[in-house]
Amino acid sequence: MDYDDSDRRNGPAGPAPAAVKFLIAGGFGVGKTTMVAAVSEVEPLRTEEYLTVASVGVDDVAGVAEKDTTTVAMDFGRITVSPELVVYLFGTPGQERFWFMWDDLVLGALGAVVIADTRRLQTSFGSIDFFESRGIPFVVGVNSFDGYQDRTVAEIREALDLDPRVPILMGDLRQRAVSRDVLLTLVDHLMDGRE
Amino acid sequence: MPISHWADEPLDEDEDSFVRPYTITHGRTVSAHGDDLTLITIIVTLAAPEEQFGTRGLEPEHRFILERCRRPVAVAEIAAGLNLPVAVTKILISDLITLGTVAARAPLAVAVGQRPDIRLLQAVRDGLRRL
């Protein structure tokens, strides 16, 4: 593994592990925190970030956009892979229009899971557009509580206008094994043709 | 003529919620190292708080960070533990970096649009399989 030691300083607490993250995206109430909770080794934590975003209306004379500050909340969890590597899972807040101004969201992100709800697939569009435009690999997890599913993978792929290479999985994301398999599928997707 | 007392004016709620956390940073909204810190930058305390000199005058929040980071944790975890916004937490961590009492490790560089290192992915996969 490419562990760059140049920025590592050893103190009494020992060397710090390297960190990467997965983003868990999707519409409000679709099950992002549920998935984080299913695989995290700790209870999901919540934190807030302030984002400074250009507001509507640009002052053409000064050439400076008005700036607004908004608060977004994130739930996140952690999987310690080894003493040298920790994986964080961040449930992304809604309001995808803010993500483009928020570099920290994607820093260190290996890839993303977009959780979809077949009753309101349109709530996934914003996340999919963002990851496609930023070139961040993602898979789609369709949350089907208790295994109930009213649409086929092909129907969902068409409705979401997804590239045929983007994996789609269905399952009850409350179950650790299901959420774990979604993440494993994402890692396999990242590895495609590389082994 | 009625005299309106300014202190009795209700604060604008939005403004209040953004301004209040910054009292902990004495009003500072930027810091020396804050821009280098990310949500998953790992922070580790370089010495136990009782062994450190020059830490007088630190806020209780600084001491919380020194205690919490005796085992390495991410900036986001520190913010959650302090119940403070990430932006404010970064300023407090930056103070401690300047004092030399904590060290920061940036997340593994994952270039957007480029596939990450295959050994990194294998390690992540092995970790997930153990869940």
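The values are calculated or read from the model by the stated rules, or taken from the named source; none is laboratory data. On a predicted model such as this, the values are computed, not experimentally measured, just so you know. All Cβ positions, even for glycine, are placed from backbone atoms using ideal geometry, and neighbour counts span all protein chains on display.
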**Message:** Quick check on region B:66-87. Is at least one of its residues farther than 26 Å from A:ALA73 by Cα and at pLDDT 85 or above?
**Reply:** yes
**Request:** Confirm whether B:SER31 is modelled with pLDDT under 65, assigned to a loop (DSSP other than H, G, I, E, B) and out of contact with any Pro (no Cβ under 9 Å at 6 or more places or on another chain).
**Result:** no
**Item:** Flag if B:GLY127 is more than 7 Å from every other protein chain (Cβ to nearest Cβ) and either free of Cβ contacts under 8 Å to residues at least 60 places away in the same chain or touching a Gly at 6+ places or on another chain (Cβ under 7 Å) (or both)
**Value:** no
**Message:** I'd like the residue in region A:82-118 that is in a loop (DSSP other than H, G, I, E, B) and modelled with pLDDT of 90 or more and, out of all such residues, is surrounded by the most Cβ atoms within 10 Å (Cβ to Cβ).
**Reply:** A:THR92
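Can you tell me how many residues within region B:87-121 are assigned to a helix (DSSP H, G or I), of a type in the set (Val, Ile, Thr) and surrounded by 22 or more Cβ atoms within 10 Å (Cβ to Cβ)? Outline the logic, then answer.
The initial filter retains those residues of region B:87-121 that are assigned to a helix (DSSP H, G or I), namely B:87-99, B:118-121.
Going one step further and asking which of them are of a type in the set (Val, Ile, Thr), we end up with B:88-89, B:91, B:93, B:97-98, B:118.
Pick out the ones that are also surrounded by 22 or more Cβ atoms within 10 Å (Cβ to Cβ) and you get B:88-89, B:91, B:93.
So the count comes out to 4.
Taking the stated definitions as given, is A:ASP7 in a loop (DSSP other than H, G, I, E, B), at pLDDT below 85 and within 11 Å of chain B (Cβ to nearest Cβ)? Step through it out loud before you land on a result.
On the way: in a loop (DSSP other than H, G, I, E, B): yes; at pLDDT below 85: yes; within 11 Å of chain B (Cβ to nearest Cβ): yes.
Yes.
Yes or no, residue by residue, for (1) in a strand (DSSP E or B); (2) at pLDDT 85 or above; (3) of a type in the set (Gly, Ala, Ser); (4) under 21 Å from A:GLU96 (Cβ atoms):
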| site | (1), (2), (3), (4) |
| --- | --- |
| A:PHE28 | no, yes, no, yes |
| A:GLU41 | no, yes, no, no |
| A:TYR50 | yes, yes, no, yes |
| A:ALA54 | yes, no, yes, yes |
| A:THR70 | yes, no, no, yes |
**Prompt:** Looking at (1) among the hydroxyl-bearing types (Ser, Thr, Tyr); (2) at pLDDT 95 or above; (3) more than 11 Å from the chain's Cα centre (by Cα), can you tell me which one B:THR98 breaks?
**Reply:** (2)
**Asked** With respect to A:VAL140, is the statement that it is away from every other protein chain (no Cβ under 13 Å), assigned to a strand (DSSP E or B) and within 15 Å of A:ALA25 (Cα to Cα) true?
**Response** yes
**Message:** Every residue in region B:68-86 that is touching a residue at least 12 places away in the same chain (Cβ under 8 Å), closer than 19 Å to B:ARG105 by Cβ and in a helix (DSSP H, G or I), please.
**Reply:** B:ARG68, B:VAL75, B:ALA76, B:ILE78, B:GLY81, B:VAL86
**Message:** I'd like to verify a number: residues in region A:116-132 that are closer than 23 Å to B:PRO107 by Cβ and away from every other protein chain (no Cβ under 14 Å), how many?
**Reply:** 1
**Single unsatisfied condition, A:ILE79 versus (1) at the interface with another protein chain (Cβ under 8 Å from one of its Cβ atoms); (2) in a loop (DSSP other than H, G, I, E, B); (3) modelled with pLDDT of 95 or more** = (2)
**Asked** Residue check: is A:LEU107 within 14 Å of another protein chain (Cβ to nearest Cβ) and under 18 Å from A:LYS32 (Cβ atoms)?
**Response** no
